[in-house]
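Just so you know, all these numbers are worked out from the coordinates, no wet-lab data involved. Here the structure is a predicted model, which means the values were calculated and not measured. We place every Cβ from the backbone using ideal geometry, glycine too, and count neighbours over all the protein chains shown.
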Amino acid sequence: MKCVVQGVVACALTAVLCGCGSSPLYRVERPEALMDLQAEPAGEVLFVLTAASEQRLADGSRRQTGFFLGEFYEPYKALTDAGYTVAVATADGAAPVVDPESLKVDYWKDNPEDLKEAQRVIDQILSSKAWMGIAEANGQWRRFQAVVVPGGQGVMEDLVDNRQLHELVAQMGAEDRPVGLICHAPAVLLRMAPQDNPFVGRRVTSVSGTEEWYIETFIMDAEARLRMIGPQLDEQGFKHESAFPGRGHAVRDCNLVTSQNPFSGAQFNALFLEALEDWRSGGRCVLSDEDAS
């Protein structure tokens with residue numbers, strides 16, 4: 001996802017105005033009562049995937065969509081390699097859908113051999129029907145040490161306004177369990193009721209405005225119905241930032257980990273595994289010294 005001539009100025013502005021490096025609202029602290037406890041073993045992490053196969057655009061047209069395969073597979077592989085097990089949930093228990101755009105080799109340049117393995121993993125999940133509905137997952141949310149929502153435009157169809165997902169994210173967040181939101185998935189934070197949202201005010205990233213413009217202009221041929229995610233996060237009190245378009249970028253604010261685009265897997269995985277290790281060791285989120293004053 002490279003800047004074209006028309007986007008050079010916007011790209012430069014994105015890089016200059018990103019606000020990168022702003023301080024997290026929360027820091028990790030291990031309560032004294034938990035100091036002598038051994039860390040919990042690596043447990044189960046829930047992935048919430050979109051089951052939307054079509055996206056409705058602002059001009060009334062429709063296009064194929066789903067979740068971005070790499071945004072699922074990269075954290076899946078990092079977590080399973082680290083000893084975690086993975087569960088999958090979708091809205092209403094429908095079959096998860098891969099966005100055909102995410103199968104293009106441009107998104108797999110760093111590790112082209114991973115595409116076949118990613119397809120094998122998702123085919124195995126689909127053939128075994130190894131997923132549950134979000135409502136079911138919500139009813140047993142303490143079973144999961146963390147939750148990850150990969151991006152893709154399908155998120156905007158069946159997850160962004162999903163009350164069960166809002167409740168799941170709120171419950172996990174309130175207990176300082178890690179929550180990972182990738183690319184378009186931070187838009188979920190926009191639709192949660194502020195009084196029920198434990199993450200308001202946090203440092204976050206998401207797909208940038210320039211990247212949204214590029215996708216709409218060169219891939220979708222129309223504007224999305226819900227767009228400009230970053231400015232909306234700013235308006236709702238989050239500290240939104242973005243890096244240069246197409247560059248990997250992820251942000252951690254205690255137990256909330258967000259990433260910008262399909263090229264942010266390495267950064268997201270490192271921060272998310274770190275957040276999980278902190279939580280398993282008894283680390284909990286407290287206001288940073290700067291904000292506590």
Rough spin-label spacing in nm, given labels placed 7 Å along Cα→Cβ, for VAL105 and ASP123 = 1.9 nm
In nm, what is the difference between 0.36 nm times the number of residues separating GLU113 and ASP289 and their Cα-Cα distance?
-> 58.9 nm
Among ALA170, ASN255, VAL105, the residue whose Cα sits farthest towards the positive end of the charge dipole of the chain (+1 at Cβ of Lys and Arg, -1 at Cβ of Asp and Glu, taken about the Cα centre) is VAL105
Please work out the C-alpha center-to-center distance from segment 183-201 to segment 115-171 and express it in whole Å.
-> 17 Å
Environment charge at LYS77 (Cβ cut-off 11 Å; Lys +1, Arg +1, Asp -1, Glu -1) = -4
Using only helices, what value at 222 nm comes out for the chain when you add -39,500 (n - 2.57) per DSSP H run of length 4 or more and divide by the total residues, to the nearest 500 deg cm²/dmol?
-> -9500 deg cm²/dmol
Ranked from highest to lowest mean number of other Cβ atoms within 10 Å per residue, what is the order of the peptides 106-112, 265-271, 208-214?
-> 208-214, 265-271, 106-112
Size of electric dipole in the chain: Cβ of Lys, Arg +1 and of Asp, Glu -1, about Cα centre, debye, nearest 20 = 260 debye
Expressed in nm to one decimal, what extension gain is obtained for the pair GLU136 and THR80 from 0.36 nm per residue of sequence separation less their Cα-Cα distance?
-> 17.9 nm
Taking N as the residue count of segment 5-292, its alpha carbon Rg divided by 2.2 N^0.38 Å gives 0.95
Does a label point 7 Å from the Cα of LEU37, set along Cα-to-beta-carbon, have any residues of segment 168-204 with amide nitrogen under 20 Å, and which are they?
-> 171-179
Using 0.36 nm per residue, how much length does the chain from ASP59 to ASP161 gain when fully extended, once their Cα-Cα distance is taken away?
-> 34.7 nm
Efficiency of FRET between GLU277 and ASP234 - r from beta-carbon atoms, R0 45 angstrom, step 0.05 = 0.90
